[in-house]
Amino acid sequence: MTGAVHICRACDEPIADPDDAVLLWREESMSGPPRSVWAHRKHADLVQPDHDLLRILARVLIAKAARDPS
Ligand SMILES: [Zn+2]
């Protein structure tokens, strides 16, 4: 942990208590390293992956695989 305050993906509020922060998944970024997605413990079940981002990422990976079949 870096000590940075995480933002809840469900309610967009800062997660003040580190013990209340749940790491949901790592999200690919168009520019820069993957980002961690966090939520309050009680909000973790409310968060769904962004299907648009998943679809775009899948298309990029498919295009890369088609171009470089190794
Ligand atoms: Zn929350």
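All of the numbers you see were taken from the coordinates with simple rules; none came from a lab. Remember, predicted model here, so these are calculated numbers, not experimental data. A quick note on method: Cβ atoms are made from the backbone with ideal geometry, for glycine too, and the neighbour counts reach across all protein chains shown.
Pairing residues of the range 7-34 that are more than 26 Å from residue 59 (Cα to Cα) with residues that are surrounded by 15 or more Cβ atoms within 10 Å (Cβ to Cβ) and of a type in the set (Phe, Trp, Tyr), at Cβ distances under 8 Å and at least 6 apart in sequence or on separate chains, gives 7/38; 8/38; 15/38; 21/38; 22/38. Output the residue which, of all residues in the range 20-70 that are under 14 Å from residue 8 (Cβ atoms) and acidic (Asp, Glu), is surrounded by the fewest Cβ atoms within 10 Å (Cβ to Cβ). The residue in question is 45. Scanning the range 43-67 for residues that are over 13 Å from the mean Cα position of the chain (by Cα) and not charged (D, E, K, R) yields 43, 46, 56, 58, 60, 61, 62, 63, 65, 66. Of the residues screened, residue 36 is not one that is touching a strand residue (DSSP E or B) at 6+ places or on another chain (Cβ under 9 Å), small (Gly, Ala, Ser) and part of a loop (DSSP other than H, G, I, E, B).
Taking the range 1-42 as the range and being within 16 Å of the ligand (Cβ to nearest atom), of a type outside the set (D, E, K, R) and under 10 Å from the mean Cα position of the chain (by Cα) as the test, the residues that pass are 23, 24, 25, 36, 37, 38.
Going by the structure shown, is residue 9 surrounded by 12 or more Cβ atoms within 10 Å (Cβ to Cβ), touching a Leu at 6+ places or on another chain (Cβ under 8 Å) and basic (Lys, Arg)? Here the answer is yes, as residue 9 does meet what is asked.
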